[in-house]
1. Just one of (1) open to solvent by less than 20 Å² (accessible area, probe 1.4 Å); (2) at pLDDT 90 or above trips up Arg245, so point out which.
2. Tell me whether the range 50-68 contains one or more residues that are touching a residue at least 60 places away in the same chain (Cβ under 8 Å), part of a loop (DSSP other than H, G, I, E, B) and either closer than 27 Å to Glu251 by Cβ or open to solvent by less than 10 Å² (accessible area, probe 1.4 Å) (or both).
3. How many residues are within 24 Å of Thr154 (Cβ to Cβ), surrounded by fewer than 16 Cβ atoms within 10 Å (Cβ to Cβ) and either hydroxyl-bearing (Ser, Thr, Tyr) or at pLDDT 90 or above (or both) if we restrict to the range 77-89?
4. Can you tell me which residue is farthest from the chain's Cα centre (by Cα) among those in the range 345-358 that are modelled with pLDDT under 85 and open to solvent by 80 Å² or more (accessible area, probe 1.4 Å)?
5. Step by step: first the residues of the range 114-128, then only those that are surrounded by 12 or more Cβ atoms within 10 Å (Cβ to Cβ) and modelled with pLDDT of 75 or more, then the one that is nearest to Leu145 (Cα to Cα). Which residue is that?
6. Check off (1) at pLDDT 50 or above; (2) surrounded by fewer than 13 Cβ atoms within 10 Å (Cβ to Cβ); (3) among the hydrophobic types (A, V, I, L, M, F, W, C); (4) assigned to a loop (DSSP other than H, G, I, E, B) for Phe373 and give me the number that stays unchecked.
7. From Arg90, Arg76, which residue is farther than 22 Å from Val51 by Cα and not in a loop (DSSP other than H, G, I, E, B)?
8. What residue, of Glu251, Glu314, is closer than 25 Å to Pro341 by Cβ, open to solvent by 10 Å² or more (accessible area, probe 1.4 Å) and without any contact (Cβ under 8 Å) to a residue 40 or more places away in the chain?
Amino acid sequence: MSLVRTTLDHGHSQRPTVHGALKVVVLSGPDAGLEVPLVDEVSVGGDAANVLVLRDRSVSRRHLILVGNGMRVVVRDLGSRNGTFIAGTRVQEAEVAVGTVLMLGDTALGIQPRLHTRELAPSTSNQFGELSGAALPMREVYAILERVAATDVTVLIEGESGTGKELAARSIHQASLRARGPYEVFDCGSVPGDLAESELFGHKKGAFSGAVSDRTGAFARAHGGTLCLDELGELPLELQPKLLRALETGEVRPVGSDTLRKVDVRLIGSTNRDLQAEVKRGRFRADLMYRLEVVKIRMPPLRQRIEDIPRLIERLLGDSLAPGARVGGPNLDVLMGYPWPGNVRELRNVMARAVTLGRAPGEKHVRFEALVFNLGTSGSTPTLLGSEFPGVGFPMEFKDAKAQLLAAFERAYVVGLMKRSDGNMTRAAALAGLSRKHLYELLKRAEGEIDTA
């Protein structure tokens, strides 16, 4: 599959399009997982003559047709019995963007690009934008990023804290045709629930107590560029339908306003949560998840790309490293034998502490072999003497310290959980109220070897 750029001269910057690169995926229902390429026209229904045949009895024999039109798709309902719905609205005919979710009875269909890791060869590059690393898991990520950057499709970036999700999002923007436009980050976890709607969509003066003037929301500030929704799993449940509608229509309504505002925004979401598990718990809407994970990228943890550590250390030390100094020897052996629960962010903090404590006053450079790394024992999180919280190194930013403390808790919790359940994954997941997939991700992050059945 190749990406083809075309020039669209409408007084705006060029926008790319992809030909023959879309597919229709059954996201839920009796035929979940079934997918067909979206080439020219795809008919959908219960009749065997359709291109996409569904067993869902609430779907009509000839329910709808989908007609590909570059990176947009025309949806035509064929007079179905139960209708075709987009974001809760019944439609007869509509032109929709990649990532749109269609509801047909009990079946959800997604319009998605044909981009997946298994379909792409690893990139030959050792970096993408601000991301660096030559390990195979990283080059597989670059292969996807290189493709999606040239499009406007929605991207969901998953991964543990400290794996570089924010760098990936920013790098996509910088490599896109929107690079000259704004790049706005909205931290879903840092805004109080009662203010989230205002921060995201804006508000009018007098809309609520304390609204002393009009305020532009994150969507409007990102107009013509990219909006990154960081910590997406923290988004308040009551706000999610409004976000879904904004994504589907490209319009937002400020709080207290009767007027819709058109916005041209490319959306990138990032999260360290398992959204599928959140959906099962009722904390995240399934239709919003389907709309966001048009292209899903999983950032590999540092322990899966240990061979990148020397390269990362050189980048992190920068001008602090003495001329001619080599990153190697026993010090490197120690760092490469550590599990890095805090990932690259933890490596950065460890290097910063080692340089701060290992460099004499007035000294500009340090030699790598002269640095002292206190990584604790049995793979514990790096600490400094006098730390007030076990597993947290000081000094560091609050966000980083919180991530380290949570990582230490996760390790202790899953070790005790697996012992209590005698290593049985199904029993352990039930005890913890987690999906097996989420528990498996926790186990992979946990310290040491844990036998599972």
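1. Looking at each condition in turn, Arg245 falls short on (1).
2. Looking through the range 50-68, none of the residues is touching a residue at least 60 places away in the same chain (Cβ under 8 Å), part of a loop (DSSP other than H, G, I, E, B) and either closer than 27 Å to Glu251 by Cβ or open to solvent by less than 10 Å² (accessible area, probe 1.4 Å) (or both).
3. Result for the range 77-89: 1.
4. Leu357
5. Within the range 114-128, the match that is nearest to Leu145 (Cα to Cα) is Phe128.
6. Phe373 satisfies every listed condition except (2).
7. Criteria check complete, one pass: Arg90.
8. Only one candidate qualifies: Glu314.
The values are calculated or read from the model by the stated rules, or taken from the named source; none is laboratory data. What you see is a predicted model; the values in this text were computed from it and never measured. Note: ideal-geometry Cβ built from the backbone for every residue, glycine included; neighbour counts use all protein chains shown. In case anyone asks, the SASA skips ligands and DNA or RNA and just uses the protein heavy atoms, side chains included. Shrake-Rupley method; radii C 1.70, N 1.55, O 1.52, S 1.80 Å.
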